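The values are calculated or read from the model by the stated rules, or taken from the named source; none is laboratory data. Just so you know, these numbers come straight off a predicted model, no measurement behind them. Cβ placement follows ideal geometry from the backbone for every residue including glycine, while neighbour counts extend to all protein chains displayed.
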Amino acid sequence: MKRLIKQNILKFSISLYRTLFARKIFFNFNKLMYTLSLRGMGVLNFENDNLSGENLFLKKVSVICNNSVIVDVGANIGCYSNKARSFTSSANIYAFEPHPQTFKKLQYEANQHKYIALNTACSDESGTLKLYDYEDSDNGSSHASLHRAVIETIHKGASKSLEVNVTTIDEFMKDYKISNIRLLKIDTEGNELKVLKGAKQAISEQLIDIIHFEFNEMNVISKVFFKDFKDILINYSFYRLLPDALLDISEYSPIYCEVFAYQNIIAINKSFLPQVKKYFNF
């Protein structure tokens, strides 16, 4: 009965709003409301790590990362790994960064904060690939990507390429004799899905407990939908980071999920959920 009442209230509200505001004169107003609503749902809160929810997430998840493995794919100069280390002194942290110049900075940070830096990219196959960065960048930028159009189309810059080594998460776990990854963070400027495809065995054997990845406009370039992540992570529950909580988005809906703009997505293995729920506001 309550559900029916809520549905009727929603239908009436939509009908009333449409009657009043579905007019050309209110376009800018509706656009403003849409933009504000996105922020309220955890999208485009990129200004700092408090607004994005990353600080709160890492602080809380660190409790269950003690004496476990954290893998930071697309580490850049190590901000995420450094922060993770500040919250847990006992976790084994591995940070991947393929750009040779950026890696020099990451290696310095890794030495300072006592974790392992690896000068390689992660994808669905091992070997070598071209990494694209700005043509006039000598020190490496945070936008470097395995997709040229990220530089040229998204960021409107001229690009240059360099060849980098590539491995997979499955091969990395085998090489380093890692039986479980507690937290896998992926920020690879549009290559996130391929990183997960390179962890096919680990995912199927449920060896990765929590996955933190970005979903944004780069996925337009790599032609990856949110549903592609849902399909590959079938044993995971999905959440979007808010400044104070995790927003449940496990039920797939294109209108709420296929939003190609900055957002932090947390996928938690369903068998591991009870341990996470102790520390998070769902």
Seminar exercise, completed: Over the range 1-35, the set of residues at pLDDT 95 or above, closer than 29 Å to residue 248 by Cβ and exposed (fewer than 10 other Cβ atoms within 10 Å of the Cβ) is 34
For this session: List every residue pair whose Cβ atoms sit under 7 Å apart, with the two residues 6 or more apart in sequence or on different chains, where the first one lies in the range 53-69 and is farther than 17 Å from residue 277 by Cβ and the second, anywhere, is of a type in the set (S, T, N, Q) and surrounded by 19 or more Cβ atoms within 10 Å (Cβ to Cβ).
Result: 54/264; 66/88
Exercise. If you check every pair at least six apart or on different chains, which have Cβ atoms under 8 Å apart with a residue in the range 231-243 that is free of Cβ contacts under 8 Å to residues at least 60 places away in the same chain and under 13 Å from residue 257 (Cα atoms) first and a residue that is among the charged types (D, E, K, R) and not in a strand (DSSP E or B) second?
Worked result: 238/230
Seminar exercise, completed: In the range 263-282, anything surrounded by 15 or more Cβ atoms within 10 Å (Cβ to Cβ) and either among the small types (Gly, Ala, Ser) or under 23 Å from residue 49 (Cβ atoms) (or both) is listed as 263, 264, 265, 266, 267, 268, 276, 280
Exercise. Is the range 178-187 home to any residue that is within 14 Å of residue 94 (Cβ to Cβ) and in a helix (DSSP H, G or I)?
Worked result: no
For this session: Assess whether residue 73 counts as being among the β-branched types (Val, Ile, Thr), touching a helix residue (DSSP H, G or I) at 6+ places or on another chain (Cβ under 6 Å) and in contact (Cβ under 8 Å) with a residue 40 or more places away in the chain.
Result: yes
For this session: Considering only residues that are within 15 Å of the chain's Cα centre (by Cα) and charged (D, E, K, R), look in the range 165-196 and name the one that is farthest from residue 133 (Cα to Cα).
Result: 185
For this session: Output yes when any residue across the range 185-193 is in contact with a Phe, Trp or Tyr (Cβ under 8 Å, 6 or more places away or on another chain), under 21 Å from residue 67 (Cα atoms) and surrounded by 22 or more Cβ atoms within 10 Å (Cβ to Cβ), and no when none is.
Result: yes
Exercise. Mind checking which residues of the range 207-249 are assigned to a strand (DSSP E or B) and among the hydroxyl-bearing types (Ser, Thr, Tyr)?
Worked result: 236, 237, 239
